[in-house]
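Bear in mind these aren't lab numbers, they're just calculated from the coordinates by the rules spelled out. Fair warning: this is a prediction, and the values are worked out from it, not measured in the lab. Every residue, glycine among them, receives a Cβ derived from its backbone with ideal geometry; neighbour counts consider all protein chains shown.
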Amino acid sequence: MAVNPKFHQNAIVSPINKNINSNSNIDYRTQLERVNLGQQLMWDDAKGNPTKELGGVFGFVHNGKYVELYIVVGIMNPSDRQHSWRWNVGQEQRQVLILSPMFTTIDWVTWLKLGGPKKTQKTSRVVRGHDTISKYLTQKFNQMEYQVETNEIIM
């Protein structure tokens, strides 16, 4: 089965704090370790669970540096949250997004030119700049698809 990206959907972005002792940085590194062990990468949806369909874009924002982009390839219930996320107070009702391997990074200068937020402080939808970012990704990755069985992105 293949999941095709739907760049017209509002992307979800989540900041990764530069402080290695912050919850987001610890959770991010834990997820990268999961990937190295052959497990699925996952993260919380934004407040209100706006992700309704597979194929949307998810970005880990490294403020001032770059944004890593992934495709949402699964949506799970809040009850499927990682045990280690129990410390993220106020996020217990957020659904869990299953993410593809990273398909690209956007450098900070390009991100800002596309209208991406200058600073991301919480997991949220990209509203300002959505149309420009969507057009950019569509032009650059219009033939891309994600193969569920092999966890591969085909360009």
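Miscellaneous remarks
- Relative contact order of the chain, pairs being alpha-carbon contacts under 8 Å that are 6 or more residues apart, as %: 32 percent
- Of all lysines in the structure, the ones whose alpha carbon falls short of 17 Å from that of K140, not counting any fewer than 8 places away in one chain, are K6, K113.
- Selected from H83, H130, H62 as most flexible by GNM, with the chain as the system and alpha-carbon contacts under 10 Å: H83
- Taking the fewest neighbouring Cβ atoms within 10 Å as the starting point, the ordered list for I153, I26 is I26, I153.
- Calculated [θ] (222 nm, deg cm²/dmol) that DSSP helices of n ≥ 4 give over the chain, each run adding -39,500 (n - 2.57): -6000 deg cm²/dmol
- Modelled spin labels at K52 and K122, positioned 7 Å past Cα toward Cβ, are 2.2 nm from each other.
- The dipole here belongs to segment 50-155: it is taken about the Cα centre, uses +1 on the Cβ of Lys and Arg and -1 on the Cβ of Asp and Glu, and is about 640 debye.
- Residue (of S100, H130, Y146) at the positive-pole extreme of segment 2-154, dipole from beta-carbon charges: H130
- Taking every DSSP bridge with both residues inside the chain, close to 85 percent are antiparallel.
- Fully extended contour minus Cα-Cα distance, from K6 to D131, at 0.36 nm per residue: 43.8 nm
- Once the chain from Q93 to Q139 is taken as fully extended at 0.36 nm per residue, the excess over their C-alpha distance is 13.1 nm.
- Separation of alpha-carbon centers, segment 55-81 and segment 105-155, rounded to whole Å: 10 Å
- Using the Cβ of T104 as centre and a radius below 10 Å, the other residues enclosed give a net charge of 0, where K and R count +1 and D and E count -1.
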